[in-house]
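Take a look at the structure below.
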Amino acid sequence: MNTFLYERAADTQAALAAGARAGARYLGGGTNLVDLMRETIEHPEMLVDVTGLSVGIEQTEGGGLRIGAGVKNTAAAADRRVRERYPLLSQAILAGASAQIRNMATVGGNLLQRTRCAYFYDDAARCNKRSPGAGCDALGGFNRIHAILGASDACVATHPSDMAVALAALDAVATVEAQNGARDIPLVDFHLLPGDTPQVETALRPGELVTAVTLPPEGFAGRSTYRKVRDRASYAFALVSLAAGLSVEDGTVKDVRLALGGVAHKPWRATQAEAALKGGPATEAAFRAAARVELAGARGLRDNAFKIELAERLITDTLMRLAATQEMA
Ligand SMILES: Cc1cc2nc3c(=O)[nH]c(=O)nc-3n(C[C@H](O)[C@H](O)[C@H](O)COP(=O)(O)OP(=O)(O)OC[C@H]3O[C@@H](n4cnc5c(N)ncnc54)[C@H](O)[C@@H]3O)c2cc1C
Ligand code: SF4
(Lines give C-alpha, C1' and ligand atoms only; values in the text may rest on other atoms or scores of the structure.)
(Ligands and ions follow the chains in the order given, each with its own letter.)
Protein backbone atom coordinates (compact mmCIF):
# COMPACT_ATOMS: atom_id res chain seq x y z
CA MET A 1 0.00 0.00 0.00
CA ASN A 2 1.23 3.50 -0.81
CA THR A 3 0.49 6.04 1.88
CA PHE A 4 0.16 9.75 1.12
CA LEU A 5 -0.90 12.93 2.86
CA TYR A 6 -4.04 14.77 1.82
CA GLU A 7 -4.63 18.49 2.34
CA ARG A 8 -7.59 20.52 1.15
CA ALA A 9 -6.26 24.00 0.31
CA ALA A 10 -8.28 26.84 1.85
CA ASP A 11 -7.06 29.35 -0.74
CA THR A 12 -4.56 29.73 -3.56
CA GLN A 13 -1.72 30.85 -1.29
CA ALA A 14 -2.18 27.79 0.92
CA ALA A 15 -2.26 25.58 -2.18
CA LEU A 16 0.96 27.09 -3.51
CA ALA A 17 2.72 26.67 -0.16
CA ALA A 18 1.66 23.02 0.07
CA GLY A 19 2.29 22.39 -3.64
CA ALA A 20 5.88 23.62 -3.31
CA ARG A 21 6.75 20.69 -1.01
CA ALA A 22 8.73 17.81 -2.50
CA GLY A 23 6.47 14.97 -3.64
CA ALA A 24 3.31 17.11 -3.60
CA ARG A 25 0.76 17.02 -6.43
CA TYR A 26 -2.35 19.06 -7.03
CA LEU A 27 -5.61 17.15 -7.04
CA GLY A 28 -8.47 18.24 -9.29
CA GLY A 29 -11.40 15.90 -9.81
CA GLY A 30 -9.02 12.95 -9.48
CA THR A 31 -10.43 11.25 -12.58
CA ASN A 32 -6.95 10.73 -14.04
CA LEU A 33 -4.54 11.11 -11.13
CA VAL A 34 -6.36 8.71 -8.81
CA ASP A 35 -6.51 6.10 -11.61
CA LEU A 36 -2.75 6.46 -12.07
CA MET A 37 -2.17 6.08 -8.34
CA ARG A 38 -4.39 3.00 -8.24
CA GLU A 39 -2.36 1.51 -11.11
CA THR A 40 0.82 2.41 -9.16
CA ILE A 41 2.07 4.55 -12.08
CA GLU A 42 2.09 7.73 -9.99
CA HIS A 43 3.20 7.84 -6.35
CA PRO A 44 2.62 11.33 -4.91
CA GLU A 45 3.60 11.77 -1.28
CA MET A 46 0.99 14.45 -0.80
CA LEU A 47 -2.20 15.46 -2.58
CA VAL A 48 -3.16 19.13 -2.42
CA ASP A 49 -6.88 19.30 -3.18
CA VAL A 50 -7.57 22.43 -5.24
CA THR A 51 -11.13 21.62 -6.30
CA GLY A 52 -12.65 24.46 -4.25
CA LEU A 53 -10.39 27.13 -5.79
CA SER A 54 -10.73 29.25 -8.95
CA VAL A 55 -14.29 28.15 -9.66
CA GLY A 56 -15.58 31.29 -11.40
CA ILE A 57 -16.14 32.23 -15.04
CA GLU A 58 -15.77 35.98 -15.61
CA GLN A 59 -15.84 38.46 -18.42
CA THR A 60 -12.41 40.12 -18.93
CA GLU A 61 -11.93 43.87 -19.47
CA GLY A 62 -10.73 43.17 -22.99
CA GLY A 63 -13.97 41.40 -23.93
CA GLY A 64 -12.76 37.84 -23.45
CA LEU A 65 -13.72 35.19 -20.91
CA ARG A 66 -11.66 33.91 -17.99
CA ILE A 67 -12.49 30.38 -16.86
CA GLY A 68 -11.14 29.35 -13.47
CA ALA A 69 -9.03 26.19 -13.41
CA GLY A 70 -11.32 24.69 -10.77
CA VAL A 71 -14.43 25.00 -12.96
CA LYS A 72 -15.85 21.57 -13.66
CA ASN A 73 -15.86 20.47 -17.29
CA THR A 74 -19.67 20.23 -17.22
CA ALA A 75 -20.03 23.80 -15.93
CA ALA A 76 -17.58 25.20 -18.50
CA ALA A 77 -19.42 23.48 -21.38
CA ALA A 78 -22.84 24.58 -20.11
CA ASP A 79 -21.98 28.23 -19.41
CA ARG A 80 -24.18 30.40 -21.65
CA ARG A 81 -21.27 32.69 -22.63
CA VAL A 82 -19.14 29.70 -23.61
CA ARG A 83 -21.98 28.12 -25.59
CA GLU A 84 -22.88 31.31 -27.43
CA ARG A 85 -19.46 32.89 -27.99
CA TYR A 86 -17.13 29.87 -27.97
CA PRO A 87 -19.32 26.95 -29.13
CA LEU A 88 -16.18 25.19 -30.35
CA LEU A 89 -15.00 24.85 -26.75
CA SER A 90 -18.35 23.66 -25.47
CA GLN A 91 -18.54 21.03 -28.23
CA ALA A 92 -15.00 19.81 -27.52
CA ILE A 93 -15.62 19.38 -23.81
CA LEU A 94 -18.89 17.53 -24.44
CA ALA A 95 -17.08 15.21 -26.88
CA GLY A 96 -14.87 14.00 -24.03
CA ALA A 97 -15.38 11.27 -21.43
CA SER A 98 -18.85 10.75 -19.94
CA ALA A 99 -21.28 13.06 -18.13
CA GLN A 100 -20.24 11.56 -14.80
CA ILE A 101 -16.55 12.16 -15.44
CA ARG A 102 -17.15 15.68 -16.76
CA ASN A 103 -19.07 16.43 -13.55
CA MET A 104 -15.91 15.60 -11.57
CA ALA A 105 -13.13 16.77 -13.90
CA THR A 106 -11.75 20.30 -13.70
CA VAL A 107 -10.40 22.59 -16.41
CA GLY A 108 -6.90 22.50 -14.84
CA GLY A 109 -6.93 18.72 -14.52
CA ASN A 110 -8.14 18.27 -18.08
CA LEU A 111 -5.12 20.19 -19.38
CA LEU A 112 -2.74 18.15 -17.22
CA GLN A 113 -4.25 14.72 -17.87
CA ARG A 114 -1.69 12.20 -19.04
CA THR A 115 -1.45 10.10 -22.18
CA ARG A 116 -3.61 7.04 -22.77
CA CYS A 117 -0.74 5.00 -24.24
CA ALA A 118 -1.40 1.48 -22.90
CA TYR A 119 2.31 0.85 -22.30
CA PHE A 120 2.48 3.90 -20.05
CA TYR A 121 -0.19 2.29 -17.85
CA ASP A 122 1.52 -1.13 -17.85
CA ASP A 123 4.47 -1.18 -15.48
CA ALA A 124 5.73 -4.42 -17.06
CA ALA A 125 6.28 -2.52 -20.36
CA ARG A 126 9.24 -0.35 -21.32
CA CYS A 127 8.24 3.32 -21.29
CA ASN A 128 10.57 6.34 -21.45
CA LYS A 129 7.84 8.59 -20.10
CA ARG A 130 7.49 6.50 -16.94
CA SER A 131 11.15 5.46 -16.65
CA PRO A 132 13.43 7.76 -18.67
CA GLY A 133 15.97 5.71 -20.65
CA ALA A 134 14.00 2.45 -20.42
CA GLY A 135 12.87 2.40 -24.07
CA CYS A 136 9.46 2.60 -25.73
CA ASP A 137 7.40 -0.54 -26.32
CA ALA A 138 4.82 1.41 -28.35
CA LEU A 139 7.32 2.03 -31.18
CA GLY A 140 7.26 -1.61 -32.29
CA GLY A 141 4.05 -2.57 -30.56
CA PHE A 142 0.35 -1.80 -30.80
CA ASN A 143 0.30 1.84 -31.81
CA ARG A 144 -3.09 2.55 -33.36
CA ILE A 145 -3.77 5.59 -31.14
CA HIS A 146 -0.26 7.02 -31.31
CA ALA A 147 1.27 10.14 -32.85
CA ILE A 148 1.88 10.92 -36.52
CA LEU A 149 3.24 14.45 -36.00
CA GLY A 150 6.07 15.77 -33.82
CA ALA A 151 6.93 12.37 -32.31
CA SER A 152 10.45 11.23 -31.45
CA ASP A 153 12.32 7.93 -31.15
CA ALA A 154 11.86 8.28 -27.40
CA CYS A 155 8.06 8.58 -27.37
CA VAL A 156 5.15 8.44 -29.82
CA ALA A 157 2.34 9.12 -27.34
CA THR A 158 -0.53 11.53 -27.96
CA HIS A 159 -2.20 14.01 -25.64
CA PRO A 160 -5.75 12.84 -24.97
CA SER A 161 -7.58 16.08 -24.15
CA ASP A 162 -10.37 17.32 -26.43
CA MET A 163 -10.78 20.59 -24.52
CA ALA A 164 -7.12 21.54 -25.02
CA VAL A 165 -7.48 21.20 -28.81
CA ALA A 166 -10.29 23.76 -28.86
CA LEU A 167 -8.33 26.06 -26.53
CA ALA A 168 -5.30 25.88 -28.86
CA ALA A 169 -7.47 26.80 -31.85
CA LEU A 170 -9.01 29.71 -29.95
CA ASP A 171 -5.62 31.20 -28.96
CA ALA A 172 -6.42 30.75 -25.27
CA VAL A 173 -3.86 31.57 -22.58
CA ALA A 174 -3.30 29.66 -19.33
CA THR A 175 -2.47 31.58 -16.16
CA VAL A 176 -0.19 29.71 -13.79
CA GLU A 177 0.85 30.78 -10.30
CA ALA A 178 3.75 29.98 -8.01
CA GLN A 179 4.80 31.43 -4.65
CA ASN A 180 6.96 34.00 -6.46
CA GLY A 181 4.23 35.25 -8.81
CA ALA A 182 2.03 34.49 -11.80
CA ARG A 183 2.71 34.15 -15.53
CA ASP A 184 0.73 33.49 -18.66
CA ILE A 185 1.43 30.65 -21.10
CA PRO A 186 -0.26 30.56 -24.52
CA LEU A 187 -2.07 27.24 -24.86
CA VAL A 188 -0.07 26.41 -27.98
CA ASP A 189 3.10 26.51 -25.84
CA PHE A 190 1.63 24.84 -22.75
CA HIS A 191 2.16 21.23 -23.85
CA LEU A 192 5.53 20.10 -25.21
CA LEU A 193 6.68 17.68 -27.88
CA PRO A 194 8.47 14.62 -26.48
CA GLY A 195 11.98 15.05 -27.91
CA ASP A 196 14.48 13.22 -25.69
CA THR A 197 12.54 14.02 -22.51
CA PRO A 198 8.99 12.67 -22.88
CA GLN A 199 8.60 12.75 -19.11
CA VAL A 200 8.51 16.57 -19.37
CA GLU A 201 5.03 17.13 -20.76
CA THR A 202 4.22 20.78 -20.17
CA ALA A 203 5.84 24.17 -19.64
CA LEU A 204 4.76 24.12 -15.96
CA ARG A 205 7.56 24.45 -13.42
CA PRO A 206 7.55 22.38 -10.22
CA GLY A 207 4.90 23.65 -7.81
CA GLU A 208 3.12 25.86 -10.35
CA LEU A 209 -0.65 25.80 -10.18
CA VAL A 210 -2.90 26.48 -13.16
CA THR A 211 -5.45 29.04 -11.95
CA ALA A 212 -7.30 30.05 -15.13
CA VAL A 213 -7.67 29.83 -18.86
CA THR A 214 -8.50 33.05 -20.70
CA LEU A 215 -10.24 33.17 -24.05
CA PRO A 216 -9.72 36.21 -26.32
CA PRO A 217 -12.81 38.07 -27.63
CA GLU A 218 -12.84 36.27 -31.01
CA GLY A 219 -14.62 32.96 -30.55
CA PHE A 220 -15.55 32.09 -34.16
CA ALA A 221 -19.18 31.69 -33.06
CA GLY A 222 -21.31 30.41 -35.92
CA ARG A 223 -18.19 29.75 -38.00
CA SER A 224 -16.55 26.92 -36.11
CA THR A 225 -16.91 23.31 -35.10
CA TYR A 226 -15.22 20.48 -33.20
CA ARG A 227 -15.24 17.07 -34.84
CA LYS A 228 -13.89 13.90 -33.27
CA VAL A 229 -13.26 10.63 -35.10
CA ARG A 230 -13.03 7.67 -32.75
CA ASP A 231 -13.52 3.94 -32.58
CA ARG A 232 -16.82 4.20 -30.67
CA ALA A 233 -19.49 6.91 -30.82
CA SER A 234 -18.99 7.81 -27.17
CA TYR A 235 -16.66 7.22 -24.26
CA ALA A 236 -13.58 6.94 -26.46
CA PHE A 237 -10.53 9.10 -27.05
CA ALA A 238 -9.93 10.72 -30.44
CA LEU A 239 -8.15 8.90 -33.23
CA VAL A 240 -8.11 12.27 -34.95
CA SER A 241 -10.06 15.34 -33.91
CA LEU A 242 -10.25 18.83 -35.35
CA ALA A 243 -11.11 22.21 -33.89
CA ALA A 244 -11.79 24.53 -36.80
CA GLY A 245 -12.90 28.13 -37.32
CA LEU A 246 -13.31 29.71 -40.74
CA SER A 247 -14.28 33.19 -41.97
CA VAL A 248 -15.00 33.52 -45.68
CA GLU A 249 -15.78 36.75 -47.55
CA ASP A 250 -16.56 36.85 -51.27
CA GLY A 251 -15.13 33.37 -51.70
CA THR A 252 -11.84 34.26 -50.00
CA VAL A 253 -10.54 32.91 -46.69
CA LYS A 254 -10.27 35.92 -44.35
CA ASP A 255 -9.35 34.02 -41.23
CA VAL A 256 -8.93 30.38 -40.27
CA ARG A 257 -8.02 28.39 -37.18
CA LEU A 258 -7.16 24.71 -37.23
CA ALA A 259 -5.98 22.49 -34.38
CA LEU A 260 -5.74 18.71 -34.52
CA GLY A 261 -6.12 16.30 -31.60
CA GLY A 262 -5.08 12.66 -31.34
CA VAL A 263 -2.10 13.15 -33.63
CA ALA A 264 0.71 14.48 -31.42
CA HIS A 265 2.10 14.80 -27.90
CA LYS A 266 0.28 18.15 -27.75
CA PRO A 267 -2.72 19.77 -29.40
CA TRP A 268 -1.38 20.35 -32.92
CA ARG A 269 -2.09 23.85 -34.16
CA ALA A 270 -1.96 23.55 -37.95
CA THR A 271 -0.08 26.78 -38.59
CA GLN A 272 1.24 25.74 -42.00
CA ALA A 273 -2.25 24.95 -43.28
CA GLU A 274 -3.58 28.20 -41.83
CA ALA A 275 -0.85 30.20 -43.60
CA ALA A 276 -1.53 28.39 -46.88
CA LEU A 277 -5.25 29.17 -46.66
CA LYS A 278 -5.34 32.82 -45.55
CA GLY A 279 -6.18 35.17 -48.41
CA GLY A 280 -6.72 32.30 -50.83
CA PRO A 281 -9.84 30.77 -52.37
CA ALA A 282 -12.30 28.91 -50.17
CA THR A 283 -12.41 25.86 -52.41
CA GLU A 284 -12.14 22.13 -51.82
CA ALA A 285 -8.89 22.01 -53.79
CA ALA A 286 -7.35 24.75 -51.64
CA PHE A 287 -8.54 23.09 -48.41
CA ARG A 288 -7.08 19.73 -49.45
CA ALA A 289 -3.80 21.29 -50.57
CA ALA A 290 -3.46 23.12 -47.24
CA ALA A 291 -4.13 19.91 -45.31
CA ARG A 292 -1.43 18.17 -47.33
CA VAL A 293 1.05 20.95 -46.56
CA GLU A 294 0.41 20.47 -42.84
CA LEU A 295 0.65 16.69 -43.04
CA ALA A 296 3.72 16.57 -45.27
CA GLY A 297 5.86 15.90 -42.19
CA ALA A 298 3.54 13.24 -40.77
CA ARG A 299 4.98 9.77 -40.17
CA GLY A 300 2.88 6.66 -39.67
CA LEU A 301 3.78 3.69 -37.47
CA ARG A 302 2.69 0.07 -38.01
CA ASP A 303 -0.93 0.59 -36.95
CA ASN A 304 -1.64 4.30 -37.28
CA ALA A 305 -0.62 5.38 -40.82
CA PHE A 306 -4.37 5.63 -41.62
CA LYS A 307 -4.45 8.76 -39.47
CA ILE A 308 -2.60 10.75 -42.13
CA GLU A 309 -5.32 10.38 -44.74
CA LEU A 310 -8.00 10.61 -42.05
CA ALA A 311 -6.64 13.98 -40.91
CA GLU A 312 -6.46 15.24 -44.49
CA ARG A 313 -10.07 14.23 -45.12
CA LEU A 314 -11.26 15.65 -41.81
CA ILE A 315 -9.67 19.04 -42.47
CA THR A 316 -10.97 19.20 -46.05
CA ASP A 317 -14.51 18.09 -45.25
CA THR A 318 -14.82 20.30 -42.16
CA LEU A 319 -13.67 23.41 -44.02
CA MET A 320 -16.06 22.60 -46.87
CA ARG A 321 -18.94 22.38 -44.41
CA LEU A 322 -17.98 25.65 -42.68
CA ALA A 323 -17.61 27.43 -46.03
CA ALA A 324 -20.98 26.12 -47.22
CA THR A 325 -22.70 27.41 -44.06
CA GLN A 326 -21.35 30.90 -44.75
CA GLU A 327 -22.41 30.83 -48.40
CA MET A 328 -25.97 30.05 -47.28
CA ALA A 329 -26.01 32.82 -44.64
C1 LIG B 1 -13.02 6.50 -18.92
C2 LIG B 1 -12.49 7.87 -19.23
C3 LIG B 1 -12.72 8.41 -20.49
C4 LIG B 1 -12.23 9.68 -20.80
N5 LIG B 1 -12.43 10.20 -22.05
C6 LIG B 1 -11.94 11.43 -22.35
C7 LIG B 1 -12.07 11.99 -23.64
O8 LIG B 1 -12.66 11.39 -24.54
N9 LIG B 1 -11.56 13.22 -23.87
C10 LIG B 1 -10.91 13.92 -22.90
O11 LIG B 1 -10.48 15.05 -23.16
N12 LIG B 1 -10.73 13.41 -21.68
C13 LIG B 1 -11.24 12.19 -21.39
N14 LIG B 1 -11.05 11.67 -20.14
C15 LIG B 1 -10.12 12.33 -19.26
C16 LIG B 1 -10.76 13.29 -18.35
O17 LIG B 1 -11.18 14.39 -19.10
C18 LIG B 1 -9.64 13.67 -17.39
O19 LIG B 1 -9.47 12.56 -16.54
C20 LIG B 1 -9.99 14.87 -16.62
O21 LIG B 1 -10.18 15.98 -17.44
C22 LIG B 1 -8.91 15.20 -15.60
O23 LIG B 1 -9.41 16.22 -14.79
P24 LIG B 1 -9.35 16.10 -13.20
O25 LIG B 1 -9.79 17.42 -12.65
O26 LIG B 1 -10.09 14.90 -12.70
O27 LIG B 1 -7.78 15.91 -13.01
P28 LIG B 1 -6.98 15.07 -11.92
O29 LIG B 1 -7.09 13.63 -12.21
O30 LIG B 1 -7.32 15.54 -10.55
O31 LIG B 1 -5.50 15.59 -12.24
C32 LIG B 1 -4.89 15.33 -13.49
C33 LIG B 1 -3.52 15.99 -13.44
O34 LIG B 1 -3.64 17.39 -13.38
C35 LIG B 1 -2.92 17.93 -12.26
N36 LIG B 1 -3.69 19.09 -11.84
C37 LIG B 1 -5.02 19.12 -11.54
N38 LIG B 1 -5.42 20.40 -11.35
C39 LIG B 1 -4.32 21.17 -11.52
C40 LIG B 1 -4.08 22.59 -11.46
N41 LIG B 1 -5.06 23.46 -11.20
N42 LIG B 1 -2.83 23.04 -11.69
C43 LIG B 1 -1.81 22.17 -11.97
N44 LIG B 1 -1.98 20.83 -12.03
C45 LIG B 1 -3.22 20.35 -11.82
C46 LIG B 1 -2.84 16.79 -11.28
O47 LIG B 1 -1.75 16.93 -10.40
C48 LIG B 1 -2.69 15.60 -12.22
O49 LIG B 1 -1.36 15.48 -12.62
C50 LIG B 1 -11.53 10.42 -19.81
C51 LIG B 1 -11.31 9.88 -18.54
C52 LIG B 1 -11.79 8.62 -18.24
C53 LIG B 1 -11.52 8.06 -16.87
S1 SF4 C 1 4.80 6.08 -26.55
FE2 SF4 C 1 5.57 7.28 -24.83
S3 SF4 C 1 4.13 6.80 -23.21
FE4 SF4 C 1 3.93 5.18 -24.73
S5 SF4 C 1 5.41 3.55 -24.16
FE6 SF4 C 1 6.45 4.91 -25.55
S7 SF4 C 1 7.49 6.33 -24.16
FE8 SF4 C 1 5.86 5.40 -22.98
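The values are calculated or read from the model by the stated rules, or taken from the named source; none is laboratory data. Only a predicted model underlies this, so the values are computations on that prediction, with no experimental measurement involved. Cβ: placed from backbone, ideal geometry, glycine included. Neighbour counts: every protein chain shown. What goes into the accessible areas is simple: the full protein's heavy atoms, side chains included, and nothing from ligands, DNA or RNA. Shrake-Rupley method; radii C 1.70, N 1.55, O 1.52, S 1.80 Å.
Some observations on this one:
- The longest part of the chain holding none of the exposed loop GluC sites (Glu not before Pro), meaning those outside H, G, I, E and B in DSSP with at most 12 other Cβ atoms within 10 Å, is 62-329.
- J(HN,Hα) series, the range 31-39, from Karplus relation 6.51 cos²θ - 1.76 cosθ + 1.60, nearest Hz, glycine and proline x: 6, 10, 5, 5, 4, 5, 5, 4, 7
- Those trypsin sites (Lys or Arg not before Pro) in the range 160-236 that DSSP places in a loop and that have at most 11 other beta carbons within 10 Å: Arg232
- Computed [θ] at 222 nm, helices only, for the chain once each DSSP H run of length n ≥ 4 contributes -39500 (n - 2.57): -8000 deg cm²/dmol
- Our note on the geometry: Cα centres of the range 250-280 and the range 299-329, 11 Å apart.
- The residues of the chain have, on average, 44 Å² of accessible surface per residue, using a 1.4 Å probe with all protein chains present.
- Within the accessible area of the range 176-329, the carbon and sulfur atoms contribute 51%, probe 1.4 Å, all protein chains present.
- Using the empirical formula 2.2 N^0.38 Å as the baseline, the Cα radius of gyration of the range 33-130 reaches a ratio of 1.28.
- For the range 46-169, the carbon plus sulfur part of the accessible surface works out to 53%, probe radius 1.4 Å.
- Here is the size of the chain from its Cα atoms: Rg then Dmax, 19.6, 65 Å.
- Note, ³J(HN,Hα) from phi for the range 142-154, Karplus 6.51, -1.76, 1.60, rounded to Hz, x at Gly and Pro: 7, 10, 4, 8, 8, 7, 10, 10, x, 7, 9, 5, 8
- Other residues within the sphere of radius under 15 Å centred on the Cβ of Phe142, judged by their own Cβ, net out at +1 (K and R +1, D and E -1).
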